[in-house]
Amino acid sequence: MIRVGVIGAAGRMGQNVIAAVEAAEDLILSAAVDPRHERVIVDPEVVTCATVAELPDGSADVLVDFSIAAAAEQHLVPALARGFHLVVGTTGLSPAAVEAAHEAAEAGPGHLLVAANFALGAVLAMRFAEIAAPYFESVEVIELHHAAKRDAPSGTSLKTAERIAAARAAAGLDDCADPTESTVIEGARGGRAPGGVHIHSVRLPGLVAHEEILFGGPGEGLTIRHDSYDRISFMAGVLLAVRAIGGRPGVTVGLDALLEG
Ligand code: NAD
């Protein structure tokens, strides 16, 4: 049995992770961490507390983090140093905080797995985009999310742009050209990510998490689209990570390594 703690337990993702863990025969929910933890209905034997700092040592083998960036930036390093293995889905962390967490995981004893997107279809969409990247002169990314998302652009779109940029650079292509000379409304061209890949963020009630990668070349286009219609789409990837992390010392970035292994 793997003992799992959920950070951000009262949140939209946290609630889904709790349900997925409770439904899995080889996993047991052992801790629920959230400043709003009184809203979380769990077995009385599950440790509940407001912050990771209050979590007793050894109260979980793996902590799954779907909280907020400001919190994760504070608790990842000490949690890894205390020996918890961390599966992290929280997005919007600063590059410095990500680097500090990577260093802490390399030092051990806690292992770290970070994925910008735990939906298997989104992982495949990123891979397909990487394959297509060298063959098109232009590419733009549109990410569409529910209206309560706090950070922009999405971690998935940023990771997608980074991987496209790396694939273009490896093929000897320059950054994507942008002929725009003036914009009437600031931000109309979206944000410029690595490789000159523009990312456009849409926020609307009713959406969950969606991404379109639009490639353009002379006389043709290719669109890759992934839709998470329900947060359950992330759970197969989360459980895969929870089961794998104990055997992966140091840092694992993305689910690809687990799918290929
Ligand atoms: P949410 O706002 O519904 O939940 C966040 C929860 O974190 C809240 O319950 C909040 O009280 C809690 N929290 C705040 N401070 C905390 C602290 N110090 N310790 C513990 N918990 C704390 O948000 P959500 O929609 O569930 O998303 C959570 C995160 O997961 C976001 O960063 C989102 O972008 C990310 N996300 C990632 C993926 C992925 O596949 N990687 C998928 C969906 C969402």
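The values are calculated or read from the model by the stated rules, or taken from the named source; none is laboratory data. Worth saying up front: this structure is predicted, and the values here are computed from it rather than measured. Note that we place each Cβ from the backbone using ideal geometry, even for glycine, and neighbour counts take in every protein chain shown. Calculation scope for accessible area: heavy atoms of the full protein, side chains included, ligands and nucleic acids excluded. Shrake-Rupley method; radii C 1.70, N 1.55, O 1.52, S 1.80 Å.
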Quiz item: Only one of 190, 221, 247 is surrounded by 12 or more Cβ atoms within 10 Å (Cβ to Cβ) and of a type outside the set (Ser, Thr, Tyr); which?
Solution: 190
Quiz prompt | Those residues of the range 98-119 which are of a type in the set (A, V, I, L, M, F, W, C) and under 23 Å from residue 148 (Cα atoms), in sequence order | solution = 114, 115, 116, 118, 119
Practice problem: Answer yes if at least one residue in the range 118-136 is in a strand (DSSP E or B), under 26 Å from residue 192 (Cα atoms), within 16 Å of the ligand (Cβ to nearest atom) and at pLDDT 95 or above, and no otherwise. | Solution: no
Quiz prompt | Any pair with Cβ under 8 angstrom, 6 or more apart, that starts in the range 80-104 at a residue that is within 13 Å of the ligand (Cβ to nearest atom) and ends at one that is among the acidic types (Asp, Glu) and open to solvent by less than 40 Å² (accessible area, probe 1.4 Å) | solution = 86/65; 87/65; 88/65; 89/65; 90/65; 91/151; 92/151
Quiz item: Being closer than 15 Å to residue 231 by Cα, of a type in the set (D, E, K, R) and within 18 Å of the chain's Cα centre (by Cα), is that true of even one residue in the range 8-18?
Solution: yes
Quiz prompt | Filter result (of a type in the set (Ser, Thr, Tyr) and either under 15 Å from the mean Cα position of the chain (by Cα) or closer than 12 Å to residue 214 by Cβ (or both)) within the range 120-173 | solution = 138, 154, 156, 157, 160
Quiz item: Applying the selection to the range 138-157, what residues are modelled with pLDDT of 95 or more and either away from the ligand (no atom under 15 Å from the Cβ) or in a helix (DSSP H, G or I) (or both)?
Solution: 138, 139, 140, 141, 142, 157
Practice problem: Could you figure out which of (1) open to solvent by 60 Å² or more (accessible area, probe 1.4 Å); (2) under 22 Å from residue 108 (Cα atoms); (3) touching a residue at least 12 places away in the same chain (Cβ under 8 Å) isn't true of residue 72? | Solution: (1)
Practice problem: Among the residues of the range 208-239, write down those that are of a type in the set (A, V, I, L, M, F, W, C) and within 12 Å of the ligand (Cβ to nearest atom). | Solution: 208, 209, 232, 234, 235, 236, 238
Practice problem: Please find, within the range 158-172, the residue that is nearest to the ligand (Cβ to nearest atom) out of those that are surrounded by 17 or more Cβ atoms within 10 Å (Cβ to Cβ) and among the aliphatic types (A, V, I, L, M). | Solution: 158
Practice problem: Being within 21 Å of residue 239 (Cβ to Cβ) and surrounded by fewer than 19 Cβ atoms within 10 Å (Cβ to Cβ) narrows it down to one of 65, 43, 57, 34, so name that one. | Solution: 43
Quiz item: Just to be sure, is residue 61 modelled with pLDDT under 95 and in contact with a strand residue (DSSP E or B) (Cβ under 8 Å, 6 or more places away or on another chain)?
Solution: no
